[in-house]
Amino acid sequence: MIAVRQHQHGDIDQLHPEQVDIPQPGPGQVLIRLHAAGVNPVDTYIRAGTNGYSAAMPHTPGLDGAGIIEALGDDQHHFQKGDRVYVAGTITGTSAQYALARIDQVHPLPDNVSFEQGACLGIPCATAWRALFQRGQAKAGETVLIHGASGAVGLAAVQLALAAGLTVIGTAGTEQGRELIRQQGAHLVLDHHDDTHLEELLAWTHGKGVNLTLEMLANINLGHDLSALAFGGRVVVIGSRGTVTINPRDLMKRDASIVGMSLFNASADEMNSIHAALYAALASKTLQPVISKSFPLGRLGEAHTAVLEPGAQGNIVVTIE
């Protein structure tokens, strides 16, 4: 089979398609014939060996993917050969024609969801769900600000929040991104490059502010987010690329809180809950991942570059022949 591999940490020039043996599943393992793989920022950090991430070499990038079960290591589960599935993590990496995964990393893919969309579930959609409902404790009737709502996680959060009965405010830095958020049904869309966008938010909420903020770039926005919180409001920090200074009194006078989150900290029970909820949302079409750009497997390096570019408008995927 063809797999993209790297033999040392570094830039995209370390990524090379190679001919390797198809792995064989052992007990508790599944072999998937992949049709698409998701590309997420964390993949680039692992490739480069930055932000606290590293990998054993040789390394095949990719945590997310979707395809069809090719072989099973045993029958101690409900899957069968030929089932459509997506993976949230693997043993061997998803930038390849086949991937070996533990059974707990494999999840059923509804028939109404394409393989490309299925490749967007493991990190972006699971992160959105965990941020909203496990860490953010979002409730129907509340108002949520999704800062950076045009990206993969942000768009999933918009869809999931709307389906759960929240009032949704989304921001993006480009008009194309803002139009995409409007198309998803957000109640208010703002330009986060406009210095007055939080003033507009406060006016729109009649001075109350938002109950919950999902923050994708805390080093830029967190110090400002606190002034837009309602009493008892929460900020969930999903992403940050540096340090930030805040005024604790903005928290104190609102009884507000800031919580961090990483999908990799979720317990087994929490992950089971997340993926059960995602299946239901997919099957009911309340969750429909948006594909921004698609690349063939041999152009994985371009996909790694694209996923870090500003002005995100959905998910980056690679298709696999």
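General remarks:
- Restricting the calculation to Cα atoms, the range 29-135 yields a radius of gyration followed by a Dmax of 13.8, 39 Å.
- GNM top mover of Ala128, Ala36, Ala138 - the chain, alpha-carbon springs below 10 Å: Ala138
- Dividing the summed helix terms, -39500 (n - 2.57) for each DSSP H run of n ≥ 4, by the number of residues in the chain produces a 222 nm estimate of -7000 deg cm²/dmol to the nearest 500.
- Whole-number percent relative contact order across the chain, with pairs defined as alpha carbons under 8 Å at least 6 apart: 19
- Counting DSSP beta bridges with both ends in the chain, the antiparallel % (nearest 5): 55
- Lysines whose Cα lies under 24 Å from that of Lys253, excluding same-chain neighbours fewer than 8 positions away: Lys139, Lys208
- Restricting the calculation to Cα atoms, the range 105-240 yields a radius of gyration followed by a Dmax of 14.5, 45 Å.
- With all projection directions averaged, the alpha carbon convex hull of the range 52-91 covers 4.0 nm².
- Cα centroid separation - the range 1-62 against the range 307-321, whole Å: 17
- Listed values [x] 31, 22, 21; [y] 31, 28, 16; [z] 35, 21, 17, entry calculated as semi-axes √(5λ) of the Cα gyration tensor in Å: [z]
- Trypsin sites (Lys or Arg not before Pro) restricted to DSSP loop in the range 6-90 with at most 13 other C-beta within 10 Å: Lys81
Every read-out reported here was derived from the displayed coordinates using simple, explicitly stated rules and does not represent laboratory data. If you're wondering where the values come from, they're calculated on a predicted model, not measured in any experiment. Glycine gets a Cβ as well: all are built from the backbone with ideal geometry, and neighbour counts include every protein chain shown.
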